[in-house]
1. Could you tell me how many of the residues in the range 104-134 are surrounded by fewer than 20 Cβ atoms within 10 Å (Cβ to Cβ), over 22 Å from residue 343 (Cα atoms) and in contact (Cβ under 8 Å) with a residue 60 or more places away in the chain?
2. Go through 310, 286, 361, 376 for me and flag whichever is of a type in the set (S, T, N, Q) and surrounded by fewer than 17 Cβ atoms within 10 Å (Cβ to Cβ).
3. In the list 148, 92, which residue meets the criterion of being of a type in the set (S, T, N, Q) and surrounded by fewer than 19 Cβ atoms within 10 Å (Cβ to Cβ)?
4. Could you look through the range 300-324, keep only residues that are small (Gly, Ala, Ser) and either outside any loop (DSSP other than H, G, I, E, B) or modelled with pLDDT under 95 (or both), and pick out the one that is nearest to residue 11 (Cα to Cα)?
5. Please list, ordered by first then second residue, the pairs with beta carbon atoms under 6 Å, 6 or more apart or interchain, first in the range 175-195 and closer than 18 Å to residue 125 by Cβ, second among the acidic types (Asp, Glu).
6. Going by the structure shown, is residue 255 modelled with pLDDT of 95 or more and surrounded by fewer than 18 Cβ atoms within 10 Å (Cβ to Cβ)?
7. Say we look at the range 109-136 and pick out the residues that are charged (D, E, K, R) and out of contact with any Ser or Thr (no Cβ under 7 Å at 6 or more places or on another chain); which of these is farthest from residue 153 (Cα to Cα)?
8. Pick out the one residue from 327, 297 that is surrounded by fewer than 21 Cβ atoms within 10 Å (Cβ to Cβ), outside any helix (DSSP H, G or I) and either among the aliphatic types (A, V, I, L, M) or free of Cβ contacts under 8 Å to residues at least 12 places away in the same chain (or both).
Amino acid sequence: MQKIVDFIQKTFNTKEFIPLHEPRFFGNEKKYLNDCIDSTFVSSVGKFVDSFEKEFALKVGSKYAVATVNGTAALHIALILAGVEHGDEVITQPLTFIATCNAISYCGAKPVFVDVDLDTMGLSPASLENFLKMHGEIRDNKCINKTTGKTIKACVPMHTFGHPCRIEQIKNICDTWHIELIEDAAESLGSYYKKKHTGTFGKLGAFSFNGNKIITSGGGGVIVTDDELLAKRAKHLTTTAKIPHAYEFVHDAIGYNYRMPNLNAALLVAQLEQLDSFLENKRALSCEYAEFFRKSADIKFIEEPKDAQSNYWLQAVLLKDKKERDAFLKFTNKKGVMTRPIWRLMNELEMFKTCQYFDLSNSKYLEEKVVNIPSSVRI
């Protein structure tokens, strides 16, 4: 393990503490922030919000983008726009960050967990299809869970660590079963599946710009869609459902104070200008990691899946077993090289223990063996 620590220290050119993923502000961040402050438009109205939404949509290939205060808010609104209501069910993966299931729960819906693929770590189309064949049926153009009697309204796959899942196959299955597809693309800005950007396969997609993401505004998120009416509705609901007026305060629905402040958008406009160089830097790091770990019999570096171009947001390795994983985590963190395990499976958390699930053997396998290693853009 000391050889691994030595290699990572050499790769990042430091003997000091090496974080998992820290932001880089190399560009126009300070200039745009000063411009924003000078304009006095620091809240949810301003030129940087408009500019970011336009540039982000162009970058990922969607027609519309609506900026939000964080990625969880973006996913929450996307679920509402897809018609997810209290008592509905939403299929997702158990191997994900808590925000995925939190957003489903905010709608009063309940997650249903199906397994992931080992190579993508994202929702498995085979597992999805097998679950639906066993538990689903179509009634009045709706997918009904025969076991619970509830409507399966949506499916939310997540592109784990920026590695695209088999999203095209998942979309085809969802279309067949009358299930709305919403992509949790929080981690996958700059990732493509068959040359199409993640987040743009379903009716709606959600991205995150948390402090540890590939580009960041400290917080922040965005909803993407090709549907003009949904985009307008997203902007309306995230702006407290206020009817536009010069001075009257009239609201026509339960809305949310989810709009991104102009200050955050100023940071993101500058960060987005550097995205291509960040992606190039992280891909170079992944190549160095891959070459190094090929010499190891017990540790496998996780590379991008077939038909995919990954952003390598968080670099990851697969250990031999849970015991080796725990030893690796303890040794590296003690040596000042930050590493962390993948998430605890959602169905094992107290609030989701009663949720239905279907053969999660791959998810459990990965939970016990996957570790993230330092992944920052190198200076």
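The values are calculated or read from the model by the stated rules, or taken from the named source; none is laboratory data. These numbers were taken from a predicted model, which means no experiment stands behind them. Cβ sites come from the backbone with ideal geometry, for glycine too, and all protein chains shown count toward neighbours.
1. Within the range 104-134, residues that are surrounded by fewer than 20 Cβ atoms within 10 Å (Cβ to Cβ), over 22 Å from residue 343 (Cα atoms) and in contact (Cβ under 8 Å) with a residue 60 or more places away in the chain number 2.
2. 361
3. Numbers: 92 fails: surrounded by fewer than 19 Cβ atoms within 10 Å (Cβ to Cβ).
Sole residue among the options that is of a type in the set (S, T, N, Q) and surrounded by fewer than 19 Cβ atoms within 10 Å (Cβ to Cβ): 148.
4. Going residue by residue through the range 300-324, those that are small (Gly, Ala, Ser) are 308, 310, 316.
With either outside any loop (DSSP other than H, G, I, E, B) or modelled with pLDDT under 95 (or both) added as a condition, the list becomes 308, 316.
Details: 308: 26, 316: 16 Å.
Filtering first and then ranking leaves 316.
5. 194/307
6. yes
7. The extreme case among them is 119.
8. Exactly one of 327, 297 is surrounded by fewer than 21 Cβ atoms within 10 Å (Cβ to Cβ), outside any helix (DSSP H, G or I) and either among the aliphatic types (A, V, I, L, M) or free of Cβ contacts under 8 Å to residues at least 12 places away in the same chain (or both), namely 297.
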